[in-house]
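First the structure, then my questions, so here it is.
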Amino acid sequence: MSTVCEKSICERAIIERAISERAIVERAMIDRTNALISKVKLRAWWLALSLICLPLEAAYAGYQTWSEVLTPTQGTSDAIGSYANGCLVGGKSLALSGDGYQVIRSNRNRYYGHTSMIRYLTDLANKTQRLGVGQLLVGDIAMPRGGRFTSGHTSHQTGLDADIWLRLPLAPLEANQLQDPTPYPVVDIKNYRFKEDKWTDNHSLLLQLAADDPRVARIFVHPLIKNKLCEQEWKQRDWLRKVRPWWGHYYHFHVRLNCPENSSECIEQAVPPKGDGCGAELASWRPTAKPKTAVDKPKVKVVKKSPPKQSKPTYPTCIALLSTP
Ligand SMILES: [Zn+2]
């Protein structure tokens, strides 16, 4: 095929190609300019957003974790948020020992609570002392400003949860025993068996006294402890409704108080179902026996979980609490 063309046709083709190439170059330039404008716009938005968020982020980012805050804030106690996501304004410390009780493992600095909890614990210890139940050993309550522990349970964040051990010494423990006391398990966990020989009437009385108080919302115990209480005869059984089965809790029990009055930011848990909770619900906690199979399944490698990361508090009051000296 001939590549030669007539002069006029060739010139027109050359001009058309030049126009078309210029159009392409111009379009490319427009595209590049638009992209540049978009980039500038995006940066401006990002800058504006950063300026808005900066004070909030700085309040948290530059600050310590809950366990690094060693002192409570002053003033009236206020429980903020829920038991498992909140904090404590105006936390009060429980004296490390008092009539009928001692604080154990005080080096963990978890003996702060809402005023309501501090009063509840000292009232309970007074009652149990009068009745000769034994010394109460008080474990974790909350950190000075509440928040999530770096180890152990996720609740205890608002100063309204406390652990009380089932070991009931007749005399106060020696100072050197208090930091690492020997637990008193009343359940054989491996065989899911209640240790009848470890349980005493004082344990039953203690749980009744602890639960039968209008300040209490719930008490958590191992299902076999709840079962033991259910089997016993009581003149009135209303308090049993508050005693809830939960795993763990076999050498200590966990007391949870209702939101105190005037705590507008405290989030209540729904009330327990009606009744004493001794029937089908309790039975549902019993582990089902695994059917024996001819071939053993390969063992699953247990991966140790790393400690939970410090999560950023949800409530502005809690964020502010971390940045208050
Ligand atoms: Zn607890």
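The values are calculated or read from the model by the stated rules, or taken from the named source; none is laboratory data. This one's a predicted model, so the numbers in the text were calculated from it and none came from an experiment. Neighbour counts are summed over all protein chains in view; Cβ atoms, including those assigned to glycine, are modelled from backbone coordinates with ideal geometry.
Could you count how many residues in segment 228-241 are in contact with a strand residue (DSSP E or B) (Cβ under 7 Å, 6 or more places away or on another chain) and of a type outside the set (A, V, I, L, M)?
Within segment 228-241, residues that are in contact with a strand residue (DSSP E or B) (Cβ under 7 Å, 6 or more places away or on another chain) and of a type outside the set (A, V, I, L, M) number 1.
Taking the condition closer than 24 Å to T154 by Cα, at pLDDT below 95 and not polar (S, T, N, Q), does P260 pass? Steps first, please.
Values: closer than 24 Å to T154 by Cα: yes; at pLDDT below 95: no; not polar (S, T, N, Q): yes.
No.
Check whether at least one residue in segment 235-243 is more than 16 Å from the ligand (Cβ to nearest atom), surrounded by 16 or more Cβ atoms within 10 Å (Cβ to Cβ) and of a type in the set (A, V, I, L, M), and report yes or no.
Yes, that holds for at least one residue.
Just to be sure I understand, how many residues within segment 141-186 are among the β-branched types (V, I, T) and surrounded by 20 or more Cβ atoms within 10 Å (Cβ to Cβ)?
So the answer is 4.
Six or more apart or on different chains, Cβ atoms under 6 Å: show the pairs whose first residue is in segment 232-253 and at positive phi and whose second is outside any strand (DSSP E or B) and loosely packed, with under 14 Cβ neighbours inside 10 Å.
none
Of the residues F194, F220, which is within 16 Å of the ligand (Cβ to nearest atom), at pLDDT 95 or above and surrounded by 15 or more Cβ atoms within 10 Å (Cβ to Cβ)?
The unique qualifying residue is F220.
Give L229, L282 a once-over and let me know the one that is among the hydrophobic types (A, V, I, L, M, F, W, C), buried (at least 17 other Cβ atoms within 10 Å of the Cβ), closer than 21 Å to I189 by Cα and at pLDDT below 95.
Exactly one residue qualifies, and that residue is L282.
Can you pull out the residues in segment 99-133 that are in contact with a Pro (Cβ under 8 Å, 6 or more places away or on another chain) and in a helix (DSSP H, G or I)?
Within segment 99-133, T115, S116 meet the criteria.
Within segment 144-171, restricting attention to residues that are more than 16 Å from the ligand (Cβ to nearest atom) and either of a type in the set (D, E) or out of contact with any strand residue (DSSP E or B) (no Cβ under 6 Å at 6 or more places or on another chain) (or both), which residue is nearest to T317 (Cα to Cα)?
L168
Would you tally the residues in segment 178-201 being over 12 Å from Y250 (Cα atoms) and more than 28 Å from the chain's Cα centre (by Cα)?
Number satisfying all stated conditions: 5.
Further question: Is it fair to say P287 is on the phi < 0 side of the Ramachandran plot, more than 16 Å from the ligand (Cβ to nearest atom), in a loop (DSSP other than H, G, I, E, B) and in contact with a strand residue (DSSP E or B) (Cβ under 9 Å, 6 or more places away or on another chain)?
no
Okay, next question. Within segment 79-98, work out how many residues are part of a strand (DSSP E or B) and out of contact with any Asp or Glu (no Cβ under 7 Å at 6 or more places or on another chain).
The qualifying residues number 10.
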